[in-house]
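Just so it is clear, none of the values below were taken in a lab; they were calculated from the coordinates. Please read all numbers here as calculations on a predicted model, not as lab measurements. With ideal geometry, Cβ positions are generated from the backbone for all residues, glycine too; neighbour counts draw on all protein chains shown.
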Amino acid sequence: SQISRMLKALAATGLVEQNPDTRGYRLGWQLHALAAKAGDQRLVRTAQPILRALVAETHETALLSVPQANRSFTILRERSTHSLQAGGWVGRTSPLHVTASGRALLLDSTSEEIRDLITGDLGASGYGPNALTSLPTVLARIAQERERGCTVADEELEAGLVSVGAPVRDAAGHIVASLNISGPTSRMLRCIDSYSTAVKAAARRLTTAQARTHRP
């Protein structure tokens, strides 16, 4: 009974989750979020003022994500001031192929690597009306976005949501994270070019700041 009470308390804070079918417990999103932040506190600390500045410029929610297996894992969020805004829970994961944050993490990947990472999610139900559903379509989109240096997901993850993302690199030039803004289609599509410019600039600033913090 004592263990049961402890697990219920942990579940209330998001540190564990209970499977509604088996009634068993597993590690929760909040614990994963804490672990991700602990993994690279320098990235989080460096990103916070840059995300705040991006929100001030675009007035949309800004997020920082890192790769976790075959998912994009959100570790930091700065909320917009709009009453109508995107979700983006810290500690949640999302598929790579239908999100701006996810495809930004894939921009340097080979076709084979992309195939291995997204095959399990292609054609799954529950995505938005514009979700990419085939590997050739995903590869073609990533090729276009690689040229632009940013990614745009227009109602791919869910209806009414648009995101713009860009990769963040380490001192060696490897993609280690992605930065993106998300908001409702009604606002985002009107300013997609200026948002793309702002997100790419913010990602470059974070990349430069990351390189400085990792210098010996």
Legend entry - Cα-centre dipole for the stretch 101-209 with unit charges at Cβ (Lys and Arg positive, Asp and Glu negative), debye to 20: 460
Legend entry - Length released on extending from residue 125 to residue 17, taking residue separation times 0.36 nm less the Cα-Cα span: 36.6 nm
Inset, instruction - Rounding to the nearest 20 debye, state how big the charge dipole of the stretch 98-155 is about its Cα centre with +1 on each Lys and Arg Cβ and -1 on each Asp and Glu Cβ. - result: 100
Inset, instruction - Can you tell me the FRET efficiency between residue 137 and residue 68 if r is taken as the Cβ-Cβ distance and R0 is 22 Å, rounded to the nearest 0.05? - result: 0.40
Legend entry - Span-rule helices in the chain, defined as complete DSSP H runs reaching 18 Å or more along the axis (Cα) with Kyte mean at least -0.5: 41-58, 135-148, 192-213
Inset, instruction - Would you be so kind as to identify which of 185, 149, 49 lies farthest towards the positive end of the dipole of the chain, taking Lys and Arg as +1 and Asp and Glu as -1 on Cβ and the Cα centre as origin? - result: 49
Inset, instruction - Quick one: dipole size for the stretch 134-183, taken about the Cα centre, charges +1 on Lys/Arg Cβ and -1 on Asp/Glu Cβ, in debye to the nearest 20. - result: 220
Legend entry - Residue list for the stretch 171-187, given a label point 7 angstrom along the Cα-to-Cβ vector of residue 59 and an amide N cut-off under 17 Å: 181-187
Legend entry - Approximate spin-label separation residue 26-residue 5, in nm, with each point projected 7 Å along Cα-to-Cβ: 2.9
Inset, instruction - Would you please put 3-9, 174-180, 98-104, 144-150 in order of how densely packed they are, using the mean number of other Cβ atoms within 10 angstrom per residue and starting with the highest? - result: 98-104, 174-180, 144-150, 3-9
Legend entry - the chain: radius of gyration over Cα atoms, expressed as a fraction of 2.2 N^0.38 Å: 1.04
Inset, instruction - State, to one decimal in nm, how far the label point of residue 45 lies from the label point of residue 171, with both points 7 Å from Cα in the Cβ direction. - result: 1.6
Legend entry - Reciprocal of mean inverse Cα separation for the stretch 136-216 (Kirkwood radius, Å): 13.5
